[in-house]
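The values are calculated or read from the model by the stated rules, or taken from the named source; none is laboratory data. Source: prediction; values computed, not measured. Here the Cβ is made from the backbone with ideal geometry for all residues, glycine too, and neighbour counts use every protein chain on show. Heads up: the accessible areas ignore ligands, DNA and RNA and are worked out on the full protein's heavy atoms, side chains in. Shrake-Rupley method; radii C 1.70, N 1.55, O 1.52, S 1.80 Å.
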2 protein chains.
Amino acid sequence: MKSFKKLLTSKSKTGVPESSFKFGGMASLITLDVVPSPEEDSQKLKKAFIGLGTDEDVIIEILGHRDANQRKKIRETYHQLHNETLIDGLNKEVSGDFGKAVILWTYDPCERDARLANEALKSKKKGVKHLEIIVEMSCASSPQHLVGVRKAYCDLFNSSLEEDILVSVPMPLRKILVGLVTSYRYDKEMVDKDVARLEANRIHESIKSKELAHDDVVYILSTRNFYQLRATFECYKEKHGSPIDEDIMKSGKGDLESLLKMVVLCIDSPEKHFAQVIGTSIIGLGTDEDSLTRAIISRAEIDMMKVKSEYLNIYKSSLDDAVIGDTSGDYRKFLITLLGGKI
Amino acid sequence: MKSFKKLLTSKSKTGVPESSFKFGGMASLITLDVVPSPEEDSQKLKKAFIGLGTDEDVIIEILGHRDANQRKKIRETYHQLHNETLIDGLNKEVSGDFGKAVILWTYDPCERDARLANEALKSKKKGVKHLEIIVEMSCASSPQHLVGVRKAYCDLFNSSLEEDILVSVPMPLRKILVGLVTSYRYDKEMVDKDVARLEANRIHESIKSKELAHDDVVYILSTRNFYQLRATFECYKEKHGSPIDEDIMKSGKGDLESLLKMVVLCIDSPEKHFAQVIGTSIIGLGTDEDSLTRAIISRAEIDMMKVKSEYLNIYKSSLDDAVIGDTSGDYRKFLITLLGGKI
């Protein structure tokens, strides 16, 4: 890590580098041109909860077509009008995979991820699959979102996310995760090719000497902006012949290697990562509903159209069809609604 | 770092732990009961700039009695009305120590600290004195402020604060500083005495074995909340006989020891730290105006009354008198105004 100077390689039309988190038109969520008032939505939801049975179609119809800002207003208005939170209202009425999905979708996105991270850290599961959410919020989200999650975590759980990682995750995974969740990356397209080459070599050395959690590697992965890191991964492949994640997996089959592979993929191509999460959750015996729900809910209003196209590319079949084939009932209806489809 | 569980030891009347950054009534800044409109303030400032000479008294009278929110509104309104930023307007009219102080005070506090941090990192000075601002923003500020500084840093300098620390600061100081600036501490009073004892011992071991920048020490200092760390420092003194900062300084006289002493003091007692910054800037040959200005501007609307009382305690003389004795002209007038005095 010798040179840290920067060269501007990409600018928007205004001359200002563009944020890496503008996915114009890449959301699958369909919102309305004319949105009902939050009061109207809140009253309709309350009506759907009351009486014998719950009208799930109304819940899906309303919440499945509102973006994060609109859902926030509905949460606030519902609370004022009905003297209970919308989440509490939903909790009494919905259950199973559908219930989980609707409730996750209704939370503020930062609170949702804070809750998912806390669940992951408390789960005592082995391996790294359950830590995916923590990698996603650090490596496939904007710095503002990540900080929002850290704030929500402190507000909800009386400790910081980092403290809970330190107590729940063993070394050296802990070191990588603390580095990642504490990042606040420069959020625009800015690449220095010299730095990319230097740092690709530094990572190569670490892989060769099996020091994957070396300070330098952690600093590179947790301080560099996403464009810079993608350039580094490209330099790595050019210079050393194979993609960085392949070399990582060749160097060992432990949790550290799996975690780093996940990190590299999330940074290099969030859409590929989420396509694989959905693919893996569907393929094989049974369905991993928690992962499927998380992936769709996380990306429906960010870049789901890119995830779908990547899915088609990898699995040679449509993501929507796969979800339809593997789910049922209101859960299916809700996911397909978020995916921009109709059932 | 075995146990990370938490015990609630202090609650506010509402049962919710209180933020560590509420210093009710501890500001020295005097604002007005009836505040003129931002339009009125902007017009008066513009008038003070125009013509032969500048009316410094008007600048002091207005900006020296407005809090961060009020200054923000004046900045916005001035820009709209006069087609130049207030900072540009000031830059043309004020200079010297007075000018520097007024301009720093006029910036948004996060932008101010980002600029000061950048200046410190670019200065190529030896030692750690110039890094004080980075320790202060990490160890004597709220997590929201620190994140605001990181965001402002990215916006202003086309790289992240962490990246610039990595390139400008040598190991092991770099490791400590990156840990500190990436923190987002739990911001309420929450102390676990068992953890405090365990971690006091862990720090003691590191001091004994001269491994002051050990991962565990960095994790403790950069993830724990301030109340928890103060309890840890107290446990340290009880168990090991001397205050932690004394033991650090006994273990060596290098930059690492000086930096860690600064960190401990900032966390343990920000008011003592700032009283000492002011004392040191005044005592001896010449005055270190940059440090004096920074300390007063940073704390005038936070806890300057506590800093003054700590100053009296340490130096057996009044902070206001010391500033009056060591400064002159508009610079003196402005600082004394921020200190809540009249000249």
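Odds and ends about this structure:
- Close amide-amide hydrogen proximity is noted between residue B:188 and B:20, each under 5 Å apart and 5 or more residues distant or on a separate chain (H modeled in the peptide plane; Pro and chain starts excluded).
- Accessible area buried, both sides summed, chains A and B with 1.4 Å probe, Å²: 3000
- Working note: Cα gyration tensor of segment B:243-343, eigenvalues times five, square-rooted, sorted largest first, giving semi-axes of 27, 14, 11 Å.
- Under the convention that each Lys and Arg Cβ holds +1 and each Asp and Glu Cβ holds -1, the size of the dipole of the protein assembly as shown around its Cα centre is about 1260 debye.
- Ligands, DNA and RNA left out, the 1.4 Å accessible surface of chain B is 51% carbon and sulfur atoms.
- Principal axis box of segment A:109-181, alpha-carbon based, largest edge first, Å: 28, 24, 17
- Shown here for segment A:278-343: GluC sites (Glu not before Pro) in loop regions (DSSP other than H, G, I, E, B) with at most 13 other Cβ atoms within 10 Å, of which there are none.
- Bridgeable lysines around residue B:124 (alpha carbons under 26 Å apart, same-chain partners fewer than 8 residues away excluded): A:2, A:5, A:6, A:193, B:100, B:151, B:175, B:253, B:261.
- Simple Cβ-charge dipole of segment B:233-343, Lys/Arg +1 and Asp/Glu -1, about Cα centre, in debye nearest 20: 200
- If the Kirkwood radius is taken over C-alpha pairs of segment A:38-94, then at 37 °C and 0.692 mPa s the Stokes-Einstein diffusion coefficient equals 295 µm²/s.
- Shown is the FRET efficiency for residue A:210 and residue B:208, computed with R0 = 41 Å from the Cβ-Cβ distance and rounded to the nearest 0.05: 0.85.
- Solvent-accessible surface, computed for protein heavy atoms with a probe of 1.4 Å, shrinks by 40 Å² or more for the following residues of segment B:173-191 when the other protein chains are added to the isolated chain: B:182, B:184, B:186.
- Inverse mean reciprocal Cα-Cα distance (Kirkwood Rh) of chain A, Å: 21.3
- Surface analysis of chain B yields an accessible area of 43 Å² per residue, using protein heavy atoms and a 1.4 Å probe.
- Across the identical copies, how the residue B:83 labels are spaced - nm, sorted shortest first, 7 Å along Cα→Cβ: 5.8
- Projecting the Cα atoms of B:104, B:149, B:176 onto the charge dipole of segment B:103-199, computed from C-beta unit charges around the Cα centre, puts B:176 farthest toward the positive end.
- Principal semi-axes of the equivalent ellipsoid, √(5λ) from the alpha carbon gyration tensor of segment A:292-337, are 17, 14, 7 Å from largest down.
- Inter-label distance, nm, simple model (7 Å from Cα along the C-beta direction), residue A:83/residue A:242: 6.6
- Residue A:158 versus residue A:249: modelled label distance in nm, points set 7 Å from Cα along the beta carbon direction: 4.3
- You can think of it this way: the chain between residue B:129 and residue B:30 has 32.6 nm of extra reach, that is 0.36 nm per residue less the Cα-Cα gap.
- Measuring nothing but alpha carbons in the protein assembly as shown and taking Rh as the Kirkwood radius, the Rg to Rh ratio lands at 0.99.
- Label geometry 7 Å along the beta-carbon vector: residue A:194 inter-copy distances in nm: 5.4
- Distances from residue A:58 to itself in the other copies, using label points 7 Å out along the Cα-Cβ axis, amount to 6.3 nm in increasing order.
- Here is the result for segment B:184-264: no chymotrypsin sites (Phe, Trp or Tyr not before Pro) lie in DSSP coil with at most 15 other C-beta atoms within 10 angstrom of their C-beta.
- Spin-label proximity, residue A:280 to segment A:135-165 - amide N less than 19 Å from point 7 Å beyond Cα toward beta carbon: A:135-141
- Sites listed here are GluC sites (Glu not before Pro) in segment A:72-162 whose DSSP assignment is loop and whose Cβ has at most 15 other Cβ atoms within 10 Å: A:84.
- Minimum Cβ-to-axis distance in chain A for the rotation onto chain B, with residue, whole Å: A:182, 2
- Amide H within-cut-off set for residue A:30, under 5 Å, with H built and near neighbours excluded: A:340
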